[in-house]
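For reference, the structure discussed in these notes is given below.
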Amino acid sequence: MQFRNLPSVDTVLADKDMAAAAKSFDRDWVVDLVREELDAAREQIRQGADSPDADNLARSVLQRIEDTMRAEPRQVINATGVVIHTNLGRAPLSRAAIEASNQAAQGYSDLELDLSTGRRGSRQAQVQSLLLQITGAEAALAVNNNASAMLLGLSALASGKEVVVSRSEAVEIGGGFRVPDVLRQSGSALVDVGTTNRTYVRDYDDAVTENTAAFLKVHASNFRVEGFTASVETTDLVEVGAKKGIPVLHDVGSGSLLLTEKYGMAHEPTPQESIKDGAGLVFFSGDKLLGGPQAGIVVGKKDLVDVLARHPLARAVRIDKLSLASLTATLVHYLKGEAETEIPVWRMISTTEAALKKRAKSWQTGLECPSTVEKSRSAVGGGSLPGETLPSWVLSLDCQETSAEEVMRRLRESSTPVIARIEEDRVLLDPRTVLPEEEGSLLDALRSAVAS
Ligand SMILES: *Cc1c(COP(=O)(O)O)cnc(C)c1O
(Lines give C-alpha, C1' and ligand atoms only; values in the text may rest on other atoms or scores of the structure.)
Protein backbone atom coordinates (compact mmCIF):
# COMPACT_ATOMS: atom_id res chain seq x y z
CA MET A 1 0.00 0.00 0.00
CA GLN A 2 2.72 2.41 1.10
CA PHE A 3 4.64 1.65 -2.09
CA ARG A 4 2.02 3.47 -4.09
CA ASN A 5 2.53 6.63 -2.02
CA LEU A 6 6.20 6.74 -3.00
CA PRO A 7 6.82 9.80 -5.21
CA SER A 8 8.35 9.41 -8.66
CA VAL A 9 11.89 10.46 -9.54
CA ASP A 10 10.49 13.45 -11.43
CA THR A 11 8.38 14.57 -8.50
CA VAL A 12 11.45 14.60 -6.25
CA LEU A 13 13.47 16.44 -8.89
CA ALA A 14 10.71 19.04 -9.20
CA ASP A 15 11.45 20.30 -5.66
CA LYS A 16 12.79 23.87 -5.92
CA ASP A 17 16.14 23.19 -4.20
CA MET A 18 16.52 19.91 -6.05
CA ALA A 19 15.97 21.60 -9.39
CA ALA A 20 18.72 24.08 -8.46
CA ALA A 21 21.03 21.23 -7.42
CA ALA A 22 20.37 19.33 -10.65
CA LYS A 23 21.44 22.48 -12.52
CA SER A 24 24.67 23.11 -10.60
CA PHE A 25 25.80 19.48 -10.42
CA ASP A 26 25.95 16.68 -12.93
CA ARG A 27 22.25 15.90 -13.52
CA ASP A 28 22.82 12.16 -14.02
CA TRP A 29 24.54 11.99 -10.65
CA VAL A 30 21.65 13.77 -8.92
CA VAL A 31 19.13 11.46 -10.62
CA ASP A 32 21.16 8.45 -9.42
CA LEU A 33 21.08 9.80 -5.88
CA VAL A 34 17.30 10.20 -6.05
CA ARG A 35 16.95 6.61 -7.32
CA GLU A 36 19.17 5.35 -4.48
CA GLU A 37 17.08 7.21 -1.91
CA LEU A 38 13.89 5.74 -3.42
CA ASP A 39 15.43 2.24 -3.26
CA ALA A 40 16.32 2.82 0.39
CA ALA A 41 12.78 4.05 1.07
CA ARG A 42 11.33 0.90 -0.57
CA GLU A 43 13.49 -1.24 1.71
CA GLN A 44 12.22 0.73 4.73
CA ILE A 45 8.61 0.24 3.61
CA ARG A 46 9.19 -3.51 3.28
CA GLN A 47 10.24 -3.42 6.92
CA GLY A 48 7.02 -1.69 7.91
CA ALA A 49 7.83 2.03 7.63
CA ASP A 50 5.60 4.65 6.04
CA SER A 51 6.48 6.11 2.67
CA PRO A 52 8.50 9.35 2.90
CA ASP A 53 7.09 12.30 0.94
CA ALA A 54 8.86 14.08 -1.92
CA ASP A 55 10.06 16.83 0.39
CA ASN A 56 11.71 14.33 2.76
CA LEU A 57 13.39 12.54 -0.10
CA ALA A 58 14.65 15.83 -1.55
CA ARG A 59 16.13 16.79 1.87
CA SER A 60 17.98 13.44 2.07
CA VAL A 61 19.40 13.84 -1.42
CA LEU A 62 20.49 17.44 -0.75
CA GLN A 63 22.15 16.30 2.47
CA ARG A 64 24.08 13.66 0.53
CA ILE A 65 25.17 16.24 -2.03
CA GLU A 66 26.35 18.50 0.78
CA ASP A 67 28.21 15.61 2.49
CA THR A 68 29.98 14.77 -0.76
CA MET A 69 31.07 18.36 -1.39
CA ARG A 70 32.38 18.98 2.11
CA ALA A 71 36.14 19.18 2.42
CA GLU A 72 37.55 16.15 4.23
CA PRO A 73 38.99 15.68 6.75
CA ARG A 74 36.64 17.98 8.64
CA GLN A 75 37.91 20.24 11.36
CA VAL A 76 37.03 18.93 14.83
CA ILE A 77 37.77 20.29 18.29
CA ASN A 78 39.81 17.93 20.44
CA ALA A 79 38.56 18.22 24.03
CA THR A 80 39.77 14.73 24.97
CA GLY A 81 43.00 15.93 26.57
CA VAL A 82 44.97 13.43 24.47
CA VAL A 83 47.62 15.67 22.93
CA ILE A 84 48.68 13.39 20.08
CA HIS A 85 45.49 11.67 19.03
CA THR A 86 46.00 9.45 15.99
CA ASN A 87 42.26 9.37 15.16
CA LEU A 88 42.18 13.16 15.22
CA GLY A 89 45.14 13.71 12.91
CA ARG A 90 48.02 13.82 15.44
CA ALA A 91 49.92 17.11 15.82
CA PRO A 92 48.34 20.46 14.90
CA LEU A 93 50.92 22.64 13.14
CA SER A 94 52.50 25.91 14.26
CA ARG A 95 51.59 29.20 12.54
CA ALA A 96 54.95 29.25 10.77
CA ALA A 97 54.55 25.64 9.61
CA ILE A 98 51.08 26.38 8.20
CA GLU A 99 52.36 29.46 6.39
CA ALA A 100 55.29 27.54 4.96
CA SER A 101 53.08 24.84 3.48
CA ASN A 102 50.62 27.44 2.15
CA GLN A 103 53.48 29.18 0.45
CA ALA A 104 54.75 25.94 -1.07
CA ALA A 105 51.23 25.15 -2.29
CA GLN A 106 50.56 28.53 -3.87
CA GLY A 107 53.17 28.66 -6.57
CA TYR A 108 56.37 27.16 -7.86
CA SER A 109 59.37 26.64 -5.57
CA ASP A 110 63.03 25.71 -5.72
CA LEU A 111 62.08 22.23 -4.47
CA GLU A 112 64.69 20.47 -6.60
CA LEU A 113 66.57 23.39 -8.08
CA ASP A 114 69.83 24.84 -6.77
CA LEU A 115 69.31 28.58 -7.20
CA SER A 116 73.04 29.33 -6.95
CA THR A 117 74.02 27.12 -9.89
CA GLY A 118 70.74 26.82 -11.78
CA ARG A 119 71.19 23.05 -11.74
CA ARG A 120 69.18 20.27 -10.24
CA GLY A 121 69.18 20.36 -6.42
CA SER A 122 67.98 18.07 -3.64
CA ARG A 123 64.70 18.53 -1.81
CA GLN A 124 66.50 17.15 1.24
CA ALA A 125 69.21 19.83 1.50
CA GLN A 126 67.54 22.22 3.94
CA VAL A 127 65.75 19.68 6.12
CA GLN A 128 68.95 17.66 6.30
CA SER A 129 71.01 20.59 7.50
CA LEU A 130 68.44 21.41 10.21
CA LEU A 131 68.31 17.79 11.36
CA LEU A 132 72.10 17.60 11.60
CA GLN A 133 72.20 20.74 13.73
CA ILE A 134 69.45 19.53 16.04
CA THR A 135 70.35 15.85 16.45
CA GLY A 136 74.13 15.89 16.00
CA ALA A 137 73.90 13.22 13.28
CA GLU A 138 76.17 12.99 10.21
CA ALA A 139 73.33 12.59 7.72
CA ALA A 140 69.55 12.72 7.51
CA LEU A 141 66.67 11.86 5.23
CA ALA A 142 62.99 12.81 5.44
CA VAL A 143 60.37 10.51 3.91
CA ASN A 144 56.60 9.96 3.96
CA ASN A 145 56.21 8.57 7.50
CA ASN A 146 58.09 6.50 10.06
CA ALA A 147 56.66 3.18 8.85
CA SER A 148 58.00 3.87 5.36
CA ALA A 149 61.32 5.09 6.77
CA MET A 150 61.75 1.73 8.50
CA LEU A 151 60.66 -0.23 5.47
CA LEU A 152 63.18 1.71 3.41
CA GLY A 153 65.95 1.25 5.98
CA LEU A 154 65.44 -2.48 6.37
CA SER A 155 64.99 -3.05 2.62
CA ALA A 156 68.15 -1.12 1.80
CA LEU A 157 70.37 -2.61 4.49
CA ALA A 158 68.99 -6.03 5.35
CA SER A 159 67.09 -7.55 2.43
CA GLY A 160 68.00 -11.23 2.17
CA LYS A 161 69.80 -11.03 5.52
CA GLU A 162 69.02 -11.36 9.21
CA VAL A 163 67.97 -8.67 11.66
CA VAL A 164 68.25 -9.37 15.38
CA VAL A 165 65.37 -8.05 17.52
CA SER A 166 64.58 -8.55 21.20
CA ARG A 167 61.38 -10.57 21.82
CA SER A 168 60.07 -7.70 23.94
CA GLU A 169 60.41 -5.32 20.99
CA ALA A 170 58.81 -7.35 18.18
CA VAL A 171 55.70 -5.27 18.81
CA GLU A 172 52.57 -3.98 17.15
CA ILE A 173 52.39 -0.19 17.21
CA GLY A 174 48.76 -0.06 16.05
CA GLY A 175 47.03 0.72 12.79
CA GLY A 176 48.53 -2.32 11.10
CA PHE A 177 52.16 -1.59 11.93
CA ARG A 178 53.83 -4.71 13.30
CA VAL A 179 57.59 -4.98 13.50
CA PRO A 180 57.72 -8.63 12.26
CA ASP A 181 55.53 -7.71 9.26
CA VAL A 182 57.69 -4.75 8.29
CA LEU A 183 60.77 -6.98 8.46
CA ARG A 184 59.11 -9.63 6.29
CA GLN A 185 58.02 -7.00 3.77
CA SER A 186 61.58 -5.70 3.55
CA GLY A 187 62.79 -9.17 2.64
CA SER A 188 64.84 -9.58 5.81
CA ALA A 189 64.56 -12.37 8.34
CA LEU A 190 63.71 -11.62 11.94
CA VAL A 191 65.90 -13.34 14.49
CA ASP A 192 64.26 -12.81 17.85
CA VAL A 193 66.36 -13.08 20.95
CA GLY A 194 65.85 -13.01 24.72
CA THR A 195 62.45 -13.40 26.33
CA THR A 196 59.33 -11.24 26.56
CA ASN A 197 60.57 -9.59 29.74
CA ARG A 198 64.35 -9.90 29.75
CA THR A 199 66.96 -9.59 27.03
CA TYR A 200 70.74 -9.24 27.59
CA VAL A 201 73.63 -8.08 25.43
CA ARG A 202 74.90 -11.67 25.18
CA ASP A 203 71.57 -12.68 23.56
CA TYR A 204 72.31 -10.37 20.65
CA ASP A 205 75.95 -11.42 20.58
CA ASP A 206 75.05 -15.13 20.44
CA ALA A 207 72.59 -14.58 17.59
CA VAL A 208 75.14 -13.07 15.22
CA THR A 209 75.90 -15.12 12.10
CA GLU A 210 77.74 -14.19 8.92
CA ASN A 211 74.34 -13.25 7.56
CA THR A 212 73.47 -10.68 10.25
CA ALA A 213 72.80 -7.26 8.74
CA ALA A 214 71.67 -5.25 11.76
CA PHE A 215 70.51 -5.10 15.37
CA LEU A 216 67.09 -3.46 15.53
CA LYS A 217 65.92 -1.68 18.66
CA VAL A 218 62.29 -0.60 18.79
CA HIS A 219 60.85 1.76 21.39
CA ALA A 220 57.87 -0.18 22.75
CA SER A 221 55.92 2.99 22.57
CA ASN A 222 52.37 2.10 23.50
CA PHE A 223 52.80 -0.34 26.36
CA ARG A 224 55.03 -0.89 29.33
CA VAL A 225 56.69 -4.04 30.64
CA GLU A 226 56.94 -3.76 34.40
CA GLY A 227 58.52 -5.79 37.16
CA PHE A 228 61.26 -8.36 36.47
CA THR A 229 62.58 -6.89 33.26
CA ALA A 230 65.90 -6.24 31.56
CA SER A 231 66.66 -4.57 28.28
CA VAL A 232 69.86 -3.62 26.55
CA GLU A 233 71.16 -0.05 26.41
CA THR A 234 71.91 1.33 22.96
CA THR A 235 75.55 1.95 23.93
CA ASP A 236 76.08 -1.71 24.90
CA LEU A 237 74.48 -2.92 21.70
CA VAL A 238 76.61 -0.49 19.67
CA GLU A 239 79.72 -1.87 21.38
CA VAL A 240 78.89 -5.49 20.46
CA GLY A 241 77.91 -4.44 16.93
CA ALA A 242 81.08 -2.42 16.40
CA LYS A 243 83.27 -5.49 17.01
CA LYS A 244 81.44 -7.36 14.27
CA GLY A 245 80.64 -4.54 11.89
CA ILE A 246 76.90 -4.66 12.60
CA PRO A 247 74.99 -1.36 12.80
CA VAL A 248 72.31 -0.66 15.38
CA LEU A 249 69.04 0.61 13.89
CA HIS A 250 66.86 2.37 16.44
CA ASP A 251 63.17 3.15 16.03
CA VAL A 252 62.55 5.77 18.73
CA GLY A 253 58.92 6.24 17.66
CA SER A 254 57.65 9.65 18.65
CA GLY A 255 60.95 11.46 18.17
CA SER A 256 60.78 13.85 21.09
CA LEU A 257 63.48 16.46 20.57
CA LEU A 258 62.81 17.99 24.01
CA LEU A 259 63.24 16.26 27.35
CA THR A 260 59.86 15.04 28.57
CA GLU A 261 61.03 14.78 32.21
CA LYS A 262 61.06 18.56 32.32
CA TYR A 263 57.25 18.34 32.25
CA GLY A 264 57.01 15.81 35.06
CA MET A 265 56.77 12.80 32.78
CA ALA A 266 58.98 9.76 32.28
CA HIS A 267 61.94 10.10 29.96
CA GLU A 268 61.05 9.55 26.31
CA PRO A 269 64.09 8.45 24.25
CA THR A 270 65.35 11.29 22.05
CA PRO A 271 67.00 10.97 18.64
CA GLN A 272 69.92 13.09 19.93
CA GLU A 273 70.86 10.64 22.68
CA SER A 274 70.51 7.67 20.36
CA ILE A 275 72.92 9.34 17.93
CA LYS A 276 75.28 10.11 20.81
CA ASP A 277 75.08 6.46 21.90
CA GLY A 278 76.35 5.50 18.45
CA ALA A 279 73.24 4.16 16.70
CA GLY A 280 73.78 3.69 12.96
CA LEU A 281 70.30 4.88 12.02
CA VAL A 282 67.56 6.43 14.14
CA PHE A 283 63.95 6.49 12.91
CA PHE A 284 61.08 8.69 14.13
CA SER A 285 57.79 10.33 13.12
CA GLY A 286 57.27 13.97 12.19
CA ASP A 287 53.73 14.30 13.55
CA LYS A 288 54.05 12.94 17.07
CA LEU A 289 56.11 14.73 19.74
CA LEU A 290 58.12 16.54 17.09
CA GLY A 291 54.88 18.46 16.49
CA GLY A 292 55.11 18.74 12.71
CA PRO A 293 53.41 17.22 9.65
CA GLN A 294 53.22 13.52 8.77
CA ALA A 295 56.78 12.52 7.94
CA GLY A 296 59.32 9.85 8.67
CA ILE A 297 62.80 10.95 9.63
CA VAL A 298 66.02 8.97 9.48
CA VAL A 299 69.19 10.36 11.00
CA GLY A 300 72.50 8.57 11.41
CA LYS A 301 75.81 7.60 9.88
CA LYS A 302 76.48 9.00 6.43
CA ASP A 303 77.46 5.72 4.74
CA LEU A 304 74.19 4.11 5.88
CA VAL A 305 71.91 7.06 5.07
CA ASP A 306 73.48 7.21 1.61
CA VAL A 307 72.50 3.59 0.96
CA LEU A 308 68.89 4.46 1.87
CA ALA A 309 68.85 7.60 -0.28
CA ARG A 310 70.02 5.64 -3.34
CA HIS A 311 67.56 2.74 -2.90
CA PRO A 312 64.63 2.66 -5.40
CA LEU A 313 62.13 2.66 -2.51
CA ALA A 314 63.36 6.13 -1.49
CA ARG A 315 61.56 7.55 -4.51
CA ALA A 316 58.39 5.61 -3.68
CA VAL A 317 58.27 6.94 -0.11
CA ARG A 318 59.59 10.44 -0.71
CA ILE A 319 58.21 13.36 1.26
CA ASP A 320 55.89 15.75 -0.59
CA LYS A 321 56.64 19.45 -0.89
CA LEU A 322 53.89 20.66 1.47
CA SER A 323 54.99 18.38 4.29
CA LEU A 324 58.60 19.24 3.62
CA ALA A 325 57.85 22.95 3.92
CA SER A 326 56.01 22.58 7.22
CA LEU A 327 58.54 20.09 8.60
CA THR A 328 61.36 22.52 7.89
CA ALA A 329 59.48 25.40 9.55
CA THR A 330 58.77 23.19 12.59
CA LEU A 331 62.43 22.24 12.96
CA VAL A 332 63.43 25.91 12.86
CA HIS A 333 61.46 26.41 16.11
CA TYR A 334 63.83 23.96 17.83
CA LEU A 335 66.92 25.73 16.54
CA LYS A 336 65.55 29.06 17.74
CA GLY A 337 64.73 27.59 21.16
CA GLU A 338 61.06 28.52 20.81
CA ALA A 339 59.53 25.04 20.45
CA GLU A 340 57.68 25.26 23.76
CA THR A 341 55.87 28.46 22.83
CA GLU A 342 55.44 28.03 19.06
CA ILE A 343 54.73 24.32 18.54
CA PRO A 344 51.16 23.48 19.59
CA VAL A 345 51.87 20.04 21.11
CA TRP A 346 54.60 21.48 23.35
CA ARG A 347 52.49 24.50 24.24
CA MET A 348 49.74 22.08 25.30
CA ILE A 349 52.12 19.88 27.28
CA SER A 350 53.66 22.85 29.06
CA THR A 351 50.37 24.63 29.94
CA THR A 352 50.13 25.20 33.69
CA GLU A 353 47.41 23.68 35.85
CA ALA A 354 46.30 27.17 36.89
CA ALA A 355 45.75 28.21 33.26
CA LEU A 356 43.78 25.02 32.55
CA LYS A 357 41.61 25.51 35.64
CA LYS A 358 40.87 29.08 34.63
CA ARG A 359 39.83 28.07 31.13
CA ALA A 360 37.63 25.20 32.34
CA LYS A 361 35.92 27.60 34.78
CA SER A 362 35.27 30.13 32.04
CA TRP A 363 33.45 27.44 30.03
CA GLN A 364 30.92 26.97 32.86
CA THR A 365 29.14 30.28 32.35
CA GLY A 366 25.79 30.13 30.60
CA LEU A 367 25.45 26.34 30.65
CA GLU A 368 21.95 24.94 31.21
CA CYS A 369 23.32 21.88 32.95
CA PRO A 370 25.04 21.28 36.30
CA SER A 371 28.80 21.19 35.90
CA THR A 372 31.93 21.18 38.02
CA VAL A 373 35.56 21.96 37.34
CA GLU A 374 37.62 19.02 38.54
CA LYS A 375 41.17 17.85 38.76
CA SER A 376 41.87 15.20 36.13
CA ARG A 377 44.66 13.86 33.91
CA SER A 378 45.50 14.43 30.25
CA ALA A 379 47.49 11.92 28.20
CA VAL A 380 50.25 12.52 25.69
CA GLY A 381 49.22 9.64 23.40
CA GLY A 382 50.44 8.89 19.91
CA GLY A 383 52.45 5.89 20.96
CA SER A 384 54.63 7.80 23.35
CA LEU A 385 54.94 7.69 27.10
CA PRO A 386 52.65 4.73 27.82
CA GLY A 387 50.69 5.20 31.02
CA GLU A 388 52.12 8.68 31.52
CA THR A 389 49.67 11.48 32.20
CA LEU A 390 49.79 15.18 32.98
CA PRO A 391 47.78 16.73 35.81
CA SER A 392 44.93 18.73 34.33
CA TRP A 393 41.61 20.44 35.13
CA VAL A 394 38.48 19.53 33.21
CA LEU A 395 34.91 20.71 32.88
CA SER A 396 32.69 17.83 34.02
CA LEU A 397 29.04 17.83 32.86
CA ASP A 398 26.36 16.08 34.85
CA CYS A 399 23.18 16.77 32.89
CA GLN A 400 20.47 14.81 34.71
CA GLU A 401 17.98 15.09 31.84
CA THR A 402 20.34 13.98 29.10
CA SER A 403 22.61 10.93 29.12
CA ALA A 404 26.36 11.35 28.71
CA GLU A 405 26.22 9.41 25.41
CA GLU A 406 23.55 11.77 24.12
CA VAL A 407 25.61 14.84 25.05
CA MET A 408 28.63 13.29 23.33
CA ARG A 409 26.54 12.61 20.22
CA ARG A 410 25.25 16.20 20.12
CA LEU A 411 28.78 17.53 20.53
CA ARG A 412 29.96 15.36 17.62
CA GLU A 413 27.10 16.60 15.46
CA SER A 414 27.79 20.31 16.08
CA SER A 415 28.72 22.39 13.04
CA THR A 416 32.29 22.15 14.34
CA PRO A 417 32.26 18.70 15.94
CA VAL A 418 33.62 18.50 19.49
CA ILE A 419 35.22 15.28 20.71
CA ALA A 420 35.16 14.83 24.49
CA ARG A 421 35.41 11.81 26.78
CA ILE A 422 33.18 10.03 29.28
CA GLU A 423 34.25 9.01 32.78
CA GLU A 424 31.77 7.59 35.29
CA ASP A 425 28.75 8.70 33.25
CA ARG A 426 29.93 12.27 32.99
CA VAL A 427 31.15 14.13 29.95
CA LEU A 428 34.61 15.61 30.52
CA LEU A 429 36.10 18.41 28.44
CA ASP A 430 39.82 19.03 28.83
CA PRO A 431 40.99 22.55 27.86
CA ARG A 432 44.58 21.36 27.33
CA THR A 433 43.99 20.24 23.76
CA VAL A 434 41.54 22.97 22.73
CA LEU A 435 43.29 25.65 20.69
CA PRO A 436 42.48 29.20 21.89
CA GLU A 437 40.97 30.16 18.52
CA GLU A 438 38.54 27.23 18.79
CA GLU A 439 37.04 28.38 22.06
CA GLY A 440 34.12 30.32 20.49
CA SER A 441 32.95 27.32 18.44
CA LEU A 442 33.44 25.04 21.43
CA LEU A 443 31.19 27.18 23.61
CA ASP A 444 28.48 27.34 20.92
CA ALA A 445 28.55 23.55 20.57
CA LEU A 446 28.62 23.02 24.32
CA ARG A 447 25.71 25.34 25.09
CA SER A 448 23.43 23.78 22.51
CA ALA A 449 24.45 20.22 23.41
CA VAL A 450 23.32 20.65 27.02
CA ALA A 451 20.25 22.83 26.34
CA SER A 452 17.07 20.97 27.26
C1 LIG B 1 54.19 5.65 15.67
C2 LIG B 1 55.29 4.69 15.58
C3 LIG B 1 55.66 4.15 14.34
C4 LIG B 1 54.94 4.47 13.07
O5 LIG B 1 55.14 5.81 12.71
P6 LIG B 1 54.26 6.51 11.54
O7 LIG B 1 54.88 7.85 11.40
O8 LIG B 1 52.87 6.53 12.04
O9 LIG B 1 54.41 5.68 10.32
C10 LIG B 1 56.72 3.26 14.31
N11 LIG B 1 57.38 2.94 15.43
C12 LIG B 1 57.06 3.43 16.64
C13 LIG B 1 57.84 3.01 17.84
C14 LIG B 1 55.99 4.33 16.75
O15 LIG B 1 55.67 4.83 17.96
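The values are calculated or read from the model by the stated rules, or taken from the named source; none is laboratory data. Here the structure is a predicted model, which means the values were calculated and not measured. Ideal geometry is used to build each Cβ from the backbone, glycine not excepted, and the neighbour counts take in all protein chains shown. Protein only, heavy atoms only, side chains kept; ligands, DNA and RNA dropped before computing areas. Shrake-Rupley method; radii C 1.70, N 1.55, O 1.52, S 1.80 Å.
Key figures for this structure:
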| item | result |
| --- | --- |
| Accessible surface of the range 9-67 [probe 1.4 Å, protein heavy atoms]: carbon and sulfur percent | 44 percent |
| Formal net charge of residues neighbouring Tyr204 (Cβ-Cβ distance under 14 Å; K, R +1; D, E -1) | -3 |
| Inter-label distance, nm, simple model (7 Å from Cα along the C-beta direction), Val9/Glu374 | 5.6 nm |
| Leading residue at positive end of dipole, the chain (Cβ point charges), from Leu152, Gly253, Phe3 | Leu152 |
| Calculated FRET value between Ala354 and Asp236, using beta carbons and R₀ = 51 Å, to 0.05 | 0.75 |
| Distance between modelled label sites at Glu172 and Leu111, nm, 7 Å Cα→Cβ extension | 3.6 nm |
| Segment Ala316-Asn56, length gained on full extension (0.36 nm per residue, minus Cα span) | 88.8 nm |
| Sequence ranges 194-207, 280-293, ranked by mean other-Cβ count within 10 angstrom, highest first | 280-293, 194-207 |
| Span-rule helices in the chain, defined as complete DSSP H runs reaching 18 Å or more along the axis (Cα) with Kyte mean at least 0.5 | 321-335 |
| Added length on full extension, which subtracts the Cα-Cα distance from 0.36 nm per residue, Val31 to Thr341 | 106.3 nm |
| Burial ranking of peptide ranges 303-315, 139-151 (average Cβ count within 10 Å, highest at the top) | 139-151, 303-315 |
| Probe 1.4 Å - accessible area at His85, Å² to nearest ten | 40 Å² |
| Equivalent ellipsoid, the chain (semi-axes from 5 times Cα gyration tensor eigenvalues, Å) | 47, 29, 24 |
| Spatially proximal lysines relative to Lys161 (Cα-Cα < 19 Å; intrachain offsets below 8 disregarded) | Lys217, Lys243, Lys244 |
| Gain on full stretching of the segment that runs from Leu435 to Lys16 - 0.36 nm per residue minus C-alpha separation | 146.8 nm |
| Dipole magnitude of the chain, debye to nearest 20 (Cβ charges: Lys/Arg +1, Asp/Glu -1, about Cα centre) | 840 debye |
| Accessible surface of Lys361 - all protein chains present, 1.4 Å probe, nearest 10 Å² | 110 Å² |
| Spin-label pair Glu405/Ala125, simplified geometry with 7 Å Cα→Cβ offset, distance in nm | 5.9 nm |
| Distance between the range 232-301 and the range 87-151 - C-alpha centres, whole angstrom | 19 Å |
| Whole-percent carbon and sulfur share, accessible surface of the range 95-342, 1.4 Å | 48 percent |
| Volume in Å³ per residue [convex hull over Cα atoms, computed for the range 95-342] | 129 Å³ |
| Solvent-accessible area per residue for the chain (1.4 angstrom probe, square angstrom) | 49 Å² |
| DSSP beta bridges in the chain [antiparallel fraction, %, rounded to 5] | 60 percent |
| Rounded, prolate or oblate (a/c below 1.5 giving rounded, otherwise prolate when a/b exceeds b/c) for the range 20-114 by Cα gyration tensor | oblate |
| Mean ellipticity per residue at 222 nm, deg cm²/dmol - from DSSP H runs of n ≥ 4 across the chain, formula -39500 (n - 2.57) | -12500 deg cm²/dmol |
| Surface accessible to a 1.4 Å probe, Thr351 within the full protein complex, Å² | 50 Å² |
| Unit Cα scatterers, Debye sum, the range 9-67: log10 I(q)/I(0) for q = 0.26 Å⁻¹ | -1.05 |
